[in-house]
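One structure below.
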Amino acid sequence: MNRTIINIKNVTKEITLGKSNNIIRIIDDISLEVNKGEFLSIVGPSGSGKSTLLNIISGLSTPTSGEVFLEAQNIYALNSKKLARLRRERIGFIFQQYNLISALPVFENIALQLRLSHQKIDKNQIDKLLNSINFEPKSTASIDSLSGGEKQKVAIARVLATDCEIIFADEPTGALDSVSSEKVFEILREITNQGKTVIMVTHNIEMASRTDRAVVIRDGKIQNILSNPTEASLLHEIAGNL
């Protein structure tokens with residue numbers, strides 16, 4: 001029996017534009033349940049609100065209205081300290097912008113997250129993880145010496161090294177070649193097979209078609225939710241309704 005781990009209820013996000021005070025609704029009354037162990041993709045045209053929705057679900061961006069529950073806990077009812085602790089201990093993030101610390105080498109960027117969440121640091125395990133996603137530089141390499149794709153791999157390894165329950169990934173393979181992209185996807189798939197939950201924003205329709213469900217977003221609203229999506233059904237939803 002599926003167990004709901006995330007429950008999003010009537011979430012709306014609005015912003016006010018400059019001196020005009022025009023209100024723009026980025027996310028419009030979205031409700032969604034995510035099951036434990038599910039691999040969920042979020043797809044849609046550029047500017048549809050995918051990343052904003054991901055940030056709201058993960059506790060990074062407070063909604064204008066609505067609620068987000070992690071199991072029985074309304075995360076936006078927590079104070080900032082408790083919310084930060086929840087994100088640190090139960091949630092992992094793979095960002096488009098990498099969010100690496102340039103002053104620290106590769107290994108320390110990965111180890112820092114483990115230290116913050118009071119987890120054991122195993123250098124051999126980290127090296128093995130980096131190797132599994134085709135990371136060629138040494139773990140002692142500086143962040144500034146890496147290419148964009150290599151930085152993305154470090155960001156991915158940083159999350160995979162932790163024992164978090166839920167991984168939020170915003171275009172996790174966007175800067176990677178096809179071989180590395182496939183390896184990263186396979187790792188994320190395996191994580192869900194182990195009972196963890198992955199929510200991934202992506203423009204890669206082929207990868208989205210291999211997730212358990214795909215949420216199609218358009219103009220800040222859920223257009224459709226596809227179970228066992230195919231490339232054809234996703235393309236129809238995204239391109240066929242332009």
State the Cα centre-to-centre distance between region 150-218 and region 16-57 in whole Å.
18
Only loop residues by DSSP count here, and only those with at most 15 other Cβ atoms within 10 Å; note down the trypsin sites (Lys or Arg not before Pro) in region 196-242 that meet that.
none
The chain - convex hull of alpha carbons, volume per residue in Å³
143
Please report Rg (one decimal) and Dmax (integer) in Å for the Cα set of region 169-223.
11.8, 34
3J(HN,Hα) from dihedral phi, region 101-112, Karplus parametrisation 6.51/-1.76/1.60, rounded to Hz, x for glycine, proline
9, 5, 6, 10, x, 3, 4, 5, 4, 6, 5, 4
Using only the Cα atoms of region 117-180, what are the Rg and Dmax in Å?
12.0, 34
So what is Rg over Rh here for region 1-65, counting just Cα atoms and using Kirkwood for Rh?
1.04
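With +1 on the Cβ of every Lys and Arg and -1 on the Cβ of every Asp and Glu, and nothing else charged, how large is the dipole of region 71-168 about its Cα centre, in debye rounded to the nearest 20?
Details: 14 positive and 10 negative charges, 66 e Å.
Using Cβ point charges on Lys, Arg, Asp and Glu, region 71-168 gives about 320 debye.
Quick one, can you get me the convex hull of the C-alpha atoms of region 1-112 expressed as volume per residue in Å³? Before the final figure, lay out each step's value.
Numbers: hull volume 18.5 nm³, N = 112.
Dividing the Cα hull volume of region 1-112 by its residue count gives 165 Å³.
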Provide Rg and Dmax in Å for region 50-142, with only Cα atoms included in the calculation.
16.0, 46
May I ask which of Lys123/Lys153; Lys151/Lys183; Lys81/Lys123; Lys13/Lys221 have a Cα-Cα span longer than 19 Å here?
Lys81/Lys123
With the dipole of the chain worked out from charges on the C-beta (+1 for Lys and Arg, -1 for Asp and Glu) around the Cα centre, which of Ile156, Ile166, Ser145 lies farthest toward the positive end?
Ile166
If the reach is capped at under 18 angstrom between alpha carbons, list the lysines near Lys120, excluding any in the same chain fewer than eight residues apart.
Lys128
Kirkwood hydrodynamic radius, region 129-242, all distinct C-alpha pairs: what's the number in Å?
15.3
Of Ile23, Ile222, Ile205, which is the most mobile in a GNM of the chain whose springs link Cα atoms less than 10 angstrom apart?
Ile23
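Bear in mind these aren't lab numbers, they're just calculated from the coordinates by the rules spelled out. Because the structure is a prediction, the values reported are computed rather than measured. Cβ coordinates were reconstructed from backbone atoms using ideal geometry, including for glycine residues, and neighbour counts include every protein chain displayed.
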